[in-house]
Amino acid sequence: MKLATFETITEITPIEGADRIELARVQGWQSVIRKGEYSVGDQVIFVPIDTVLTPREWNKFLWDKNDLTKPIRVKTIKLKGTVSQGLIFPRSLISAQEIFDHADDPDEDTSIAAMLGITKYEKPIPAHLAGQVAGDFPTHLVSRLMKIISSPTLKF
């Protein structure tokens, strides 16, 4: 999963009943943005869901008001009845010098995430399982197995 990428806004649509926000589409994801801040074709930094931001001055509007040091988890939210999946920031957040300094890095997306202090969200392990878990339960395999078993064409 790419934690932060340079992308282009492909579509902007108004949100019914909202006068200060609109919906932008980036790479098939839709994200709520401030009205008039971006236009179609703008180069932006896109941060998808299931990422964690370190509190910094540029993401101050996302800080927890009770704990200013608490990491910010990016998740799917609903605003004015519209689903928002990810965050869009101006490309100017990263200077040309920073990009040049990381130019020799073969994995550009990791560099962008590292420059901005973005990491992948990992679901915490319950306390009663601490030290015993090898990984998440493979629910995607079980659901496929159940489809195969319940198939009407399958005979035992």
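Every number in this text was worked out from the coordinates using simple rules, so none of it is lab data. Model, not experiment: these values are computed from the prediction. Cβ sites come from the backbone with ideal geometry, for glycine too, and all protein chains shown count toward neighbours.
For Glu11 and Ile125, what does the FRET efficiency come to when R0 = 30 Å and r is the distance between their Cβ atoms, rounded to the nearest 0.05?
Between Glu11 and Ile125 the formula returns 0.15.
With θ set to phi - 60°, apply the Karplus curve 6.51 cos²θ - 1.76 cosθ + 1.60 along segment 82-93 and write out the HN-Hα couplings as whole Hz, x wherever there is a Gly or Pro.
Working through the residues one at a time gives 10, 7, 10, 10, x, 10, 10, 10, x, 5, 5, 4 Hz.
Using amide H atoms built in the peptide plane, which far-off residues or other-chain residues are under 5 Å from Thr51 H to H?
Val74, Tyr121
Per 0.36 nm of contour for each residue apart, how much would the distance between Asp19 and Glu37 grow if the chain were fully extended, relative to their Cα-Cα spacing?
Contour length minus Cα-Cα distance gives 5.2 nm.
How much length would be gained if the chain were fully extended between Leu93 and Trp58, taking 0.36 nm per residue of separation minus their Cα-Cα distance, in nm to one decimal? The partial results should precede the final answer.
Working: separation 35, 0.36 × 35 = 12.60 nm, distance 0.78 nm.
Additional length available on full extension: 11.8 nm.
Let me test this: with uniform point scatterers at the alpha carbons of segment 5-125, what is the Debye-based log₁₀ I(q)/I(0) at q = 0.13 1/Å?
Results for segment 5-125 at q = 0.13 Å⁻¹ read -0.56.
Please sort by residue number the trypsin sites (Lys or Arg not before Pro) in segment 1-34 whose DSSP state is loop and whose Cβ has at most 10 other Cβ atoms within 10 Å.
In loop regions of segment 1-34 (DSSP not H, G, I, E or B), the sparsely surrounded trypsin sites (Lys or Arg not before Pro) are Arg20.
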